[in-house]
1. Could you pull out every one of the lysines with an alpha carbon less than 24 Å from that of residue 50, ignoring same-chain neighbours closer than 8 positions?
2. What figure, in Å² to the nearest 10, do you get for the accessible area of residue 50 with a 1.4 Å probe and non-protein molecules left out?
3. With each label point set 7 Å from Cα along the Cα-Cβ vector, what nm distance links residue 187 and residue 10?
4. Can you tell me the relative contact order of the chain? Whole percent, Cα pairs under 8 Å, sequence separation 6 or more.
5. Kindly express, to the nearest 10 degrees and within the range 0 to 90, the angle between helix 185-197's C-alpha long axis and the longest C-alpha principal axis of the chain.
6. Projecting each Cα onto the charge dipole of the chain (Lys/Arg +1, Asp/Glu -1 at the beta carbon, about the Cα centre), which of 149, 139, 14 comes out farthest on the positive side?
7. Per 0.36 nm of contour for each residue apart, how much would the distance between residue 45 and residue 149 grow if the chain were fully extended, relative to their Cα-Cα spacing?
8. In whole Hz, what ³J(HN,Hα) sequence does the range 96-101 give by Karplus (6.51, -1.76, 1.60; θ = phi - 60°), x for Gly and Pro?
Amino acid sequence: MEINFTPLATISQIKETPSRKDGIPADLEDDLRAYGAKMIQQAGVLLKQKQVAMSTAQVLFQRFWYTSSLEKYGIAEIGMGALYLASKLEECPVRMRDVINIYDLLLQRAKYYRANYKEGSESDVTRNFQYEPMSYFSQTYYDLKDTLIVAEMQLLKRLAFDVHVTLPYGTLVNYMRVLNLLEDTNACQMAWGYLNDA
């Protein structure tokens, strides 16, 4: 067995993910993974988390799905675990309770949106949403707390504790400096856009 020391997915891993082997269509998997990354970003913004922690969480989240199937794990649970783990890795920790509350808010809002969405009334649906906070002594809170801990452990286990993430932004700045393009606003914006859209 050949050991791959790079954290990049191989072509075969990309084409034949565990979810696809379990019969989940590629377009559904892509949509769920994109939605999970969006939830991480939304949660991070609400937690006033640093962008580097949110980006790290999204990378860990995406890497996880090259080792595990969407049939066995939920995107909200793994997203919550990835954000909590990334906040520790990037040394901007958040309280477990805060992560749980934010994900509870996002899940309630998504459920409300699905139940009340009608074509053309998108802003009305979001405006009418009322969050109902859970009690810290409720079974729901303890279930979500357990879920968060298990998700974090599964991320570490499935990724074989290889949670080092090198984000491309520092490299971009170095290349722009070497090429004497830091003053060229157009080139900088275009390069930054390529990184964000990739």
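1. The qualifying lysines are 38, 88, 145.
2. For residue 50, solvent-accessible area is about 120 Å².
3. 3.8
4. It rounds to 21 percent for the chain.
5. Between helix and principal axis, roughly 50 degrees.
6. 139
7. Gain on stretching residue 45 to residue 149: 35.3 nm.
8. 4, 4, 5, 4, 4, 4
The values are calculated or read from the model by the stated rules, or taken from the named source; none is laboratory data. The structure presented is a predicted model; accordingly, all values stated were derived computationally and were not measured. For neighbour counting, all protein chains shown are included, and Cβ atoms are generated from backbone atoms with ideal geometry for every residue, glycine included. To get the accessible areas, we keep the full protein, side chains included, count just its heavy atoms, and leave off ligands, DNA and RNA. Shrake-Rupley method; radii C 1.70, N 1.55, O 1.52, S 1.80 Å.
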